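Q: I have a structure I would like to understand better, so I am pasting it below and will then ask my questions one at a time.
The values are calculated or read from the model by the stated rules, or taken from the named source; none is laboratory data. All of these numbers come straight from a predicted model, not from anything done at the bench. In this analysis, Cβ positions are derived from the backbone assuming ideal geometry, glycine residues included, and neighbour counts consider all displayed protein chains.
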Amino acid sequence: MLKREDILIEALPYIRDFHDSMMLIKMGGHAIVNPEIMEKIVQDIVLLKFVGIHPVIVHGGGPEITDKMERMGKKAEFVAGLRVTDDETMEIARMVLVGNVNSKIVSLISKHGGKGIGLSGSDGRLIVAKKLALKKVTVGGIEKMIDLGWVGETESINPEVVMILAGKGYIPVISPIATDEKGNDLNVNADTVAGDIASAIGARKLVSLTDVPGVLRDQKDPKTRISRIAFDEIEQLIADNIISGGMIPKIMSSAAALKGGVSQVHIIDGGSPHSLLIELFTNEGIGTMIYNKE
């Protein structure tokens with residue numbers, strides 16, 4: 001078992017290597033719904049700031065949105081991992097993401113000595129989006145076109161406000177509510193937003209905190225975790241249904257981030273204590289790393 005001083009020495013090369021770099025942390029799953037897990041993750045992120053890294057947080061809130069919808073007597077619907085968002089669902093999503101989850105994270109950053117500041121995609125035209133096109137799905141052998149409602153896809157990212165805040169010592173906390181050119185709010189998948197913003201700010205890494213230990217060959221067996229996935233292997237893993245459901249947006253955002261210049265993407269279990277620090281500052285791999293072979 002490593003001594004405390006050995007752990008610190010092991011971390012030193014990584015701290016030195018990542019010093020003054022941008023790092024995008026995407027918080028989702030139990031990191032959002034479990035207060036104890038959220039607080040531990042925020043502690044880790046504040047630590048990153050104090051060792052000279054510039055963390056930027058993008059958060060989701062899917063489980064909380066679903067819970068709120070059910071308490072209001074409304075059933076959540078998903079197509080290809082994306083939430084069908086009508087007018088009422090859009091209001092619930094805005095209330096949960098901007099008014100609840102975002103403010104909780106900012107408050108916790110302050111509690112642990114950091115300076116958090118909450119943003120939505122509408123602030124400073126950070127995320128300009130457009131309504132997602134109709135989705136083709138097959139139901140009972142028949143192809144149908146599904147309108148997802150107020151679901152958006154990114155048209156452009158203006159990273160200026162994020163870069164200014166990060167450079168002044170703040171930790172930006174971004175909720176994935178964007179605005180289109182007509183001023184309509186759009187619910188954009190948080191994994192997609194994370195990948196887009198990571199590319200725009202020149203992030204060294206994108207780390208996605210999820211409810212699973214990474215990409216699994218067998219969804220029921222954590223021991224089948226795939227530790228490393230090359231960019232050109234993604235398409236086949238989707239075709240083989242190893243990557244499916246809600247993991248698809250995570251992987252596609254990872255691919256977009258790699259195309260946009262992010263060096264590596266990590267998908268890890270946010271519920272595992274200090275998984276973020278272990279993944280970044282030790283030789284031990286605990287999730288799935290996605291990379292370009294080049």
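Q: Would you mention how many residues in segment 198-228 are at negative phi and either assigned to a helix (DSSP H, G or I) or at pLDDT below 90 (or both)? Show your work before the answer.
A: So in segment 198-228, the residues at negative phi come out as 198-201, 203-213, 215-228.
From the residues that got through so far, the ones that are either assigned to a helix (DSSP H, G or I) or at pLDDT below 90 (or both) too are 198-200, 210-213, 215-228.
The number of residues fulfilling the criteria is 21.
Q: Using beta carbons and a limit of 6 Å, which pairs, at least six apart or on different chains, have the first residue in segment 114-137 and modelled with pLDDT under 90 and the second one basic (Lys, Arg)?
A: Pairs found: Val137/Lys144.
Q: So, in segment 179-231, exactly how many residues are among the polar types (S, T, N, Q) and under 26 Å from His274 (Cβ atoms)? Can you show your working first?
A: Quick first cut of segment 179-231, residues among the polar types (S, T, N, Q) only: 179, 184, 187, 189, 192, 199, 208, 210, 219, 224, 227.
Next, only the ones that are under 26 Å from His274 (Cβ atoms) stay: 208, 210, 219, 224, 227.
Qualifying residue count, segment 179-231: 5.
Q: Quick one: in segment 243-259, which of the residues that are assigned to a helix (DSSP H, G or I) and among the polar types (S, T, N, Q) is surrounded by the fewest Cβ atoms within 10 Å (Cβ to Cβ)? Talk me through it step by step, then tell me what you get.
A: Initial filter on segment 243-259 (assigned to a helix (DSSP H, G or I)): 247-259.
Going one step further and asking which of them are among the polar types (S, T, N, Q), we end up with 253-254.
Numbers: Ser253: 26, Ser254: 29.
By that ranking, first place goes to Ser253.
Q: Next question, about the same structure. Test of understanding: among Asp211, Asp180, which residue is among the acidic types (Asp, Glu) and farther than 16 Å from Gly29 by Cβ?
A: Values: Asp211 fails: farther than 16 Å from Gly29 by Cβ.
Within the list Asp211, Asp180, the selection yields Asp180.
Q: If the requirement is being touching a helix residue (DSSP H, G or I) at 6+ places or on another chain (Cβ under 6 Å) and either buried (at least 22 other Cβ atoms within 10 Å of the Cβ) or touching a residue at least 40 places away in the same chain (Cβ under 8 Å) (or both), which of these qualifies: Ile171, Ile226? Before you say what the answer is, go through the steps one by one.
A: On the way: Ile226 fails: touching a helix residue (DSSP H, G or I) at 6+ places or on another chain (Cβ under 6 Å).
Unique residue meeting the criteria: Ile171.
Q: If you scan segment 268-287, which residues turn out to be β-branched (Val, Ile, Thr), within 16 Å of Leu48 (Cα to Cα) and not in a helix (DSSP H, G or I)? Give the derivation first.
A: Going through segment 268-287, the residues β-branched (Val, Ile, Thr) turn out to be 268, 278, 282, 286.
Narrowing further to those that are within 16 Å of Leu48 (Cα to Cα): 278, 282.
Thr282, the sole residue that qualifies.
Q: Also, I was wondering about something else. Any idea which of (1) over 30 Å from Ile238 (Cβ atoms); (2) outside any loop (DSSP other than H, G, I, E, B); (3) touching a Ser or Thr at 6+ places or on another chain (Cβ under 9 Å) is the one Ile65 doesn't satisfy?
A: (1)
Q: Separate question: From the set of residues in segment 15-32 that are assigned to a helix (DSSP H, G or I) and surrounded by 17 or more Cβ atoms within 10 Å (Cβ to Cβ), which is modelled with the lowest pLDDT? Please lay out each step first, then the result.
A: Keep residues of segment 15-32 that are assigned to a helix (DSSP H, G or I), which gives 15-18, 30-32.
Applying the additional criterion that residues be surrounded by 17 or more Cβ atoms within 10 Å (Cβ to Cβ) yields 18, 30-32.
On the way: Phe18: 91, His30: 75, Ala31: 80, Ile32: 84.
Selected residue: His30.
Q: Same structure, new question: Of all residues in segment 67-83, which are surrounded by 18 or more Cβ atoms within 10 Å (Cβ to Cβ) and under 19 Å from the mean Cα position of the chain (by Cα)? Steps first, please.
A: Here is the first cut: in segment 67-83, the ones surrounded by 18 or more Cβ atoms within 10 Å (Cβ to Cβ) are 68-69, 82-83.
Within segment 67-83, Leu82, Arg83 qualify.
Q: For residues in segment 46-62 being assigned to a helix (DSSP H, G or I) and in contact with a His (Cβ under 9 Å, 6 or more places away or on another chain), which is surrounded by the fewest Cβ atoms within 10 Å (Cβ to Cβ)? Lay out the reasoning, then the answer.
A: Restricting attention to segment 46-62, the residues satisfying the condition of being assigned to a helix (DSSP H, G or I) are 46-50, 62.
Narrowing the set further to residues that are in contact with a His (Cβ under 9 Å, 6 or more places away or on another chain) leaves 46-48.
On the way: Val46: 20, Leu47: 18, Leu48: 22.
Applying the filter and picking the extreme gives Leu47.
Here is a yes/no grid of residues against (1) closer than 23 Å to Ala203 by Cα; (2) charged (D, E, K, R):
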{"position": "Lys223", "(1), (2)": "no, yes"}
{"position": "Gly245", "(1), (2)": "no, no"}
{"position": "Lys250", "(1), (2)": "yes, yes"}
{"position": "Lys259", "(1), (2)": "yes, yes"}
{"position": "Leu277", "(1), (2)": "yes, no"}
{"position": "Met289", "(1), (2)": "yes, no"}
{"position": "Asn292", "(1), (2)": "yes, no"}
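Q: Still on this structure, please answer the following. Tell me which residues, restricted to segment 244-294, are within 23 Å of Asp232 (Cβ to Cβ), of a type in the set (Ser, Thr, Tyr) and at pLDDT 85 or above.
A: The answer is Ser254, Ser263, Thr288, Tyr291.
Q: I'd like to know if segment 35-46 contains one or more residues that are of a type in the set (Lys, Arg), touching a residue at least 40 places away in the same chain (Cβ under 8 Å) and under 30 Å from Ser156 (Cβ atoms).
A: In the first step, residues of segment 35-46 are kept if they are of a type in the set (Lys, Arg); the result is 40.
The next check asks that each one be touching a residue at least 40 places away in the same chain (Cβ under 8 Å); those that pass are 40.
Remaining after also requiring under 30 Å from Ser156 (Cβ atoms): none.
Among the residues of segment 35-46, not one is of a type in the set (Lys, Arg), touching a residue at least 40 places away in the same chain (Cβ under 8 Å) and under 30 Å from Ser156 (Cβ atoms), which makes the answer no.
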